[in-house]
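The structure appears below as structure tokens.
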Amino acid sequence: MRERTASVVVVDYGLGNLRSAVSGLERAGAEVEISDDPATFEDTDGIVLPGVGAFREGVENAGPYRDALVEAAENGTPVFGICLGMQMLLTTSEEAERAGEGEVTGLDFVPGTNVRFGEGQKVPHMGWNELSVERDHPIAEGIDGEYAYFVHSYYAVPEDESAIVAETDYGTRFPSIVASESGTIFGTQFHPEKSGETGLRILKNFVDICAKS
């Protein structure tokens, strides 16, 4: 059993498979708390923003946590977005526009937008696909060329290509891991908690980042 090295809050904002995320983080050595109280962000080593669903619903549900997330990020607390949680780190998404809901503003930690896969690609992108690490970042240590599990119809397009940590090819190359300029805010388009040993390695990397923050 790996020694517990960091405390992590998994944000319960009404979306996401929290139990799977918690189980994976505990296997990775974290002391995990599921919380819907933004005050818990102040005393934790790291924050996980999970998510399954639509961009607008995610942003609206996370609204009460926005200020606390921004404050935590400004204080250097690592913030890890998973799937929809990663898309919410960006500024906007075509998903809301396609649904006739207008422009919805995400957390804007990683400036950019989320776009839908092209007409020639089957959506959602579902299943295992390869990770190609494009630049060094501690969250991606030891995973280049490994496979992870995806379920999504939209993908991130950061304004600055330097935000891209890893890419995946699904007819088009898209970012599968992104990170903010500070490097302490990052996300995976895939589900590490469903990605076997590769996912466990990423979650261990996250716990190590939290322990050093």
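The values are calculated or read from the model by the stated rules, or taken from the named source; none is laboratory data. Quick caveat, the model's predicted, so the values are computed rather than measured. Quick reminder, even Gly has a Cβ in these numbers, built from the backbone with ideal geometry, and neighbours come from all protein chains shown. We work out accessible area using only protein heavy atoms, side chains counted, and drop any ligands, DNA or RNA first. Shrake-Rupley method; radii C 1.70, N 1.55, O 1.52, S 1.80 Å.
Restricting the first residue to the stretch 157-176 and requiring it to be modelled with pLDDT under 95, which pairs with a second residue that is open to solvent by 80 Å² or more (accessible area, probe 1.4 Å) and not charged (D, E, K, R) meet a Cβ separation below 9 Å and a spacing of at least six or different chains?
Final answer for the pair search is Gly171/Gly120.
So, in the stretch 38-48, exactly how many residues are of a type in the set (Gly, Ala, Ser) and either farther than 21 Å from Asp208 by Cβ or over 16 Å from the mean Cα position of the chain (by Cα) (or both)? Even if it seems obvious, please write down each step before you answer.
We begin by selecting, within the stretch 38-48, every residue of a type in the set (Gly, Ala, Ser); these are 39, 46.
Filter once more, keeping what is either farther than 21 Å from Asp208 by Cβ or over 16 Å from the mean Cα position of the chain (by Cα) (or both): 39.
Number satisfying all stated conditions: 1.
Out of the residues in the stretch 49-97 that are out of contact with any helix residue (DSSP H, G or I) (no Cβ under 9 Å at 6 or more places or on another chain) and of a type in the set (S, T, N, Q), state the one that is farthest from Lys212 (Cα to Cα).
Asn61
Is the stretch 101-116 home to any residue that is free of Cβ contacts under 8 Å to residues at least 12 places away in the same chain, farther than 19 Å from Pro50 by Cα and out of contact with any Leu (no Cβ under 9 Å at 6 or more places or on another chain)? Let's see the steps before the verdict.
Of the stretch 101-116, the ones free of Cβ contacts under 8 Å to residues at least 12 places away in the same chain are 102-103.
Okay, now just the ones that are also farther than 19 Å from Pro50 by Cα, so 102-103.
Those left that are additionally out of contact with any Leu (no Cβ under 9 Å at 6 or more places or on another chain): 102-103.
Yes: one or more hits.
Is it the case, given these coordinates, that Val157 is open to solvent by 20 Å² or more (accessible area, probe 1.4 Å) and in contact with a strand residue (DSSP E or B) (Cβ under 8 Å, 6 or more places away or on another chain)?
Criteria met by Val157.
Rundown of residues vs (1) touching a strand residue (DSSP E or B) at 6+ places or on another chain (Cβ under 9 Å); (2) assigned to a strand (DSSP E or B); (3) open to solvent by less than 30 Å² (accessible area, probe 1.4 Å), yes/no style:
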{"position": "Asp144", "(1), (2), (3)": "yes, no, no"}
{"position": "Tyr149", "(1), (2), (3)": "yes, yes, no"}
{"position": "Thr168", "(1), (2), (3)": "yes, yes, yes"}
{"position": "Val178", "(1), (2), (3)": "yes, yes, yes"}
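Take the conditions touching an Asp or Glu at 6+ places or on another chain (Cβ under 6 Å) and surrounded by 20 or more Cβ atoms within 10 Å (Cβ to Cβ) and apply them to Leu131. Does it pass?
Yes; evaluated as a whole, the condition is true for this residue.
Let me confirm something: among Gly145, Gly58, which residue is without any contact (Cβ under 8 Å) to a residue 60 or more places away in the chain, on the phi > 0 side of the Ramachandran plot and not hydroxyl-bearing (Ser, Thr, Tyr)?
Answer to the check: Gly145.
Show me the helices (runs of 4 or more DSSP H) entirely contained within the stretch 26-101 in which 2 or more residues are buried (at least 24 other Cβ atoms within 10 Å of the Cβ).
55-61, 84-87
Name the one entry in Val157, Val110, Val104 that is in contact with a Lys or Arg (Cβ under 9 Å, 6 or more places away or on another chain) and either of a type in the set (Lys, Arg) or at negative phi (or both).
Val104
A quick yes/no check of all residues on (1) farther than 30 Å from Pro124 by Cβ; (2) without any contact (Cβ under 8 Å) to a residue 40 or more places away in the chain:
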{"position": "Glu26", "(1), (2)": "no, yes"}
{"position": "Glu33", "(1), (2)": "yes, yes"}
{"position": "Pro38", "(1), (2)": "yes, yes"}
{"position": "Val48", "(1), (2)": "no, no"}
